[in-house]
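See below for the structure under consideration.
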Amino acid sequence: MSIRALIVDDEPLARTGVRQLAEPLEDVTIVGEAADGSEAVQEIKRQEPDLVFLDVQMPEMSGLEVVREVGVEAMPLTIFVTAYDQYALEAFEAHALDYLLKPIEEARFEEALERARQQLRRVEADTLNRQLRGVLREYADEDQEGGIERFTVRSRDRIYFVDAEDVQWIESEGDYVALHDGEEAHLVRKTMKKLEEQLDSAQFLRVHRSYIVNVEYIDELRPLDHGTYQLRMASGTPLKTSRGYSDNIDALLDATG
């Protein structure tokens, strides 16, 4: 299998860096470069590459605007490239096939390429389309229905993902939140207010100024006094609700009969 790749970045050195990493690979052929979003749209339509290395933050037309202009149905497999910042990471929490942080490390580049190979071998086009639609929703259409499906967690030496469905409860830690999956806690830089807005309200419930719970993992709910409750999560963790969020608990009880 030969992968025809297009490099899109407004920085010449960044394009050169990707090319130098890709050219030694026998199964990758660089079919062109684009220095801005408009040129990228033209080259994608003209070259019809299998894979695009697409810079997110370009002047005049961003990488996500390129996707919109080309159209999700016509967009090739895409690996996003970005300088690290939290805003960019938040955009990819749920839906990116993969992305590379500048400066790109060789091992991380090879990992992304291997994922692209696997995707090109076995994943049907509609799966990619759903991923790209999700990226556009997260990045530019936050008022649409749906919620975070996957969290991006940045640790000292790596970036990894936690599926939202695996998170039992979420705890406020100042400017961070701790995602508890029953075994460990994963810190993500995000406020509880912002997170509550982005999560699927049918699955995640705010029960306290410091807690959001995944209703699928509530094993027991005991009434206390003054409209408060004691929750026991599937992990065995007890959480006490607050009166300020009693309406949420009442709505949950009404929904479950």
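Since every read-out is calculated from the coordinates, none of them should be taken as a lab result. Everything numeric here is computed off the predicted structure, so don't read it as measured data. Positions of Cβ are generated from backbone atoms using ideal geometry, with glycine treated the same way; all protein chains shown enter the neighbour counts.
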**Report entry** Using a Förster distance of 22 Å, the FRET efficiency for L253-E149 (Cβ separation, nearest 0.05)
**Finding:** 0.25
Report summary line: G244 neighbourhood, Cβ < 14 Å, K/R = +1, D/E = -1, net charge +2
Query raised in the report: With r defined as the distance between the Cβ atoms of A202 and D225 and R0 fixed at 35 Å, what FRET efficiency is calculated, to the nearest 0.05?
Result: 0.75
Query raised in the report: Can you tell me the Rg and the Dmax, both Å, for the Cα atoms in region 188-257?
Result: 11.8, 36
Query raised in the report: Applying 1/(1 + (r/R0)^6) with R0 = 25 Å to the Cβ-Cβ distance of T237 and Y176, what FRET efficiency is obtained, to the nearest 0.05?
Result: 0.85
Report task. Enter the Cα centre distance for the pair region 32-76 and region 166-237, rounded to the nearest angstrom. Result -> 39 Å
Query raised in the report: Taking the Cβ of L113 as the center, what net charge do the other residues with Cβ under 14 Å away carry, scoring Lys and Arg +1 and Asp and Glu -1?
Result: -4
Query raised in the report: What is region 1-59 by shape, rounded, prolate or oblate, if you read a ≥ b ≥ c off the alpha carbon gyration tensor as root eigenvalues and call it rounded for a/c under 1.5, prolate for a/b larger than b/c, and oblate otherwise?
Result: oblate
Report task. Taking 7 Å along the Cα-to-C-beta vector as the label spot, tell me the E106-I159 distance in nanometres, rounded to one decimal. Result -> 2.1 nm
Query raised in the report: Put +1 on the Cβ of every Lys and Arg and -1 on every Asp and Glu Cβ in region 163-255; which of V188, Y217, Q203 then has its Cα farthest towards the positive end of the dipole?
Result: V188
